[in-house]
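> Can you keep this structure in mind? I'll have questions shortly.
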Amino acid sequence: MKSGQPPSTTTTRVAQVSTIYRHWADKKPPVYHIPPYYYEIRADYIGGNRSCPVNEDRREVAYHLLRYWIELTNKHNIVWWITFGTLLGAIRENDFIPYDTDVDVEVLGDYEHIVRSLAVKRGEINPNRINLITRIGSACQHDGGLKYDCEGHWQTQQTDRCAICYPLGRLFHGEKGYIDIYSSVIRAVPFANPLNPNHIEFNVEQQGSGHRDEKPWLVRMREIFPLSTCVYMGLKVPCPRDAHSVLTKFYGKDYRKPSRFCNSVTGGWS
């Protein structure tokens, strides 16, 4: 794992990590037990005794991909941390959110060129291997712009796993589970105060944000660095120094309350 201090320069080091999926599928994630706070107490649920499905296939693939990603980033000295729903799952239950679909990670922009150098070209996707692809062209909010599909054709919709333009990249195998890789840059922003009119704040800004959301995703650099360590599906992963502040900005002060609950009568998430 990285120390979490953003370096001024970086170099690419040649390192080989197997992309054969079965090499990373030899270990299972810990058994998942749905925490009790996913079962909302409601009058219309009285008498129900059904449990809700956990997306075990996606969770297992995500676990294998995350093991690969940890090894890959260690080999290439890439500074990264978990974000969005993955950070929420790590803080709230140390695990994959039961109705989630992917893993979210973020890399420091200084390492974007390394991530791109490790990506496969469109048209060369191998279904038997772990594939890392990166966006072609400028970042766009919520994948609402033009993007290339896995065959290298322009698309206006998310037609397949490769048709992205909001994340920097995506790591995937097959049609189940994937890791979205976001990129952030450090920006100096004037922040005047009565004691120091020339005061500067350093913020971490996610690339691609700020179009439909009007304002970009910004967190103070001291809320991210130096990175801390979280446990996620039994794996030690880097996470923001002040995860509480980051999650509050993403999801509000009640972020620990699930956005969906298990309906014990129907056995579905709602």
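> Compute the longest continuous run of the chain that contains no exposed GluC sites (Glu not before Pro); treat a site as exposed when its DSSP state is not H, G, I, E or B and it has at most 15 other Cβ atoms within 10 Å.
Longest gap between qualifying sites, sites excluded: 41-123.
> What Kirkwood hydrodynamic radius do you get for the stretch 32-165 when you take the inverse of the mean 1/r over all pairs of distinct Cα atoms, in Å?
Numbers: mean 1/r = 0.0574 Å⁻¹.
Every distinct Cα pair counted, the radius reaches 17.4 Å.
> Now for a separate question. Compute the relative contact order of the stretch 128-270 as a whole-number percentage, counting only Cα pairs closer than 8 Å that sit 6 or more residues apart in sequence. Please report the intermediate quantities before stating the final value.
Numbers: 246 pairs, mean separation 19.2, N = 143.
Reported as a whole number, the value is 13 percent.
> Calculate, in nm to one decimal, what residue 249 and residue 28 gain on full extension: separation in residues at 0.36 nm each, minus their alpha carbon distance.
76.3 nm
> So what's the convex hull volume per residue for the Cα atoms of the stretch 55-116, in Å³? Present the calculation step by step, with values, prior to reporting the outcome.
Values: hull volume 5.2 nm³, N = 62.
Enclosed volume per residue, from the Cα hull, is 84 Å³.
> While we're here: As a quick test, which of the pairs 27/236; 28/176; 75/121 have an alpha carbon distance above 19 angstrom in this structure?
With Cα atoms farther than 19 Å apart: 75/121.
> Ratio of the chain's C-alpha Rg to 2.2 N^0.38 Å, to two decimals?
In units of the 2.2 N^0.38 Å rule of thumb, it is 1.06.
> Largest first, please: the extent of the C-alpha atoms of the stretch 173-270 along each principal axis, to the nearest Å.
Principal extents (largest minus smallest coordinate, Cα): 59, 30, 28 Å.
> Could I have the simple spin-label model distance between residue 202 and residue 270, label points 7 Å from Cα toward Cβ, reported in nm to one decimal?
Using points 7 Å along Cα→Cβ, the separation is 5.0 nm.
> Calculated from DSSP H runs of 4 or more alone, at -39500 (n - 2.57) each and per residue, what is the 222 nm mean residue ellipticity of the chain, nearest 500?
-5500 deg cm²/dmol
> Can you give the net charge of the other residues whose Cβ lies under 12 Å from the Cβ of residue 31, counting K and R as +1 and D and E as -1? Walk me through the numbers before you get to the answer.
Values: positive: 28, 59; negative: 56, 60, 95.
With Lys, Arg at +1 and Asp, Glu at -1, the net is -1.
> A further question on this structure: Return a whole-number percent for the relative contact order of the chain, with Cα pairs under 8 Å and 6 or more residues apart as the contact set.
Relative contact order for the chain comes out at 24 percent.
> Could you work out the longest stretch of the chain that avoids the trypsin sites (Lys or Arg not before Pro) located in DSSP loops with at most 11 other Cβ atoms within 10 Å?
Details: sites that count: 13, 27, 121, 212, 253.
By the stated rule (loop sites, at most 11 other Cβ atoms within 10 Å), 28-120.
Coordinate-derived values only; no laboratory data. This structure is a prediction, so every number in the text was calculated from the model and none was measured. Glycine gets a Cβ as well: all are built from the backbone with ideal geometry, and neighbour counts include every protein chain shown.
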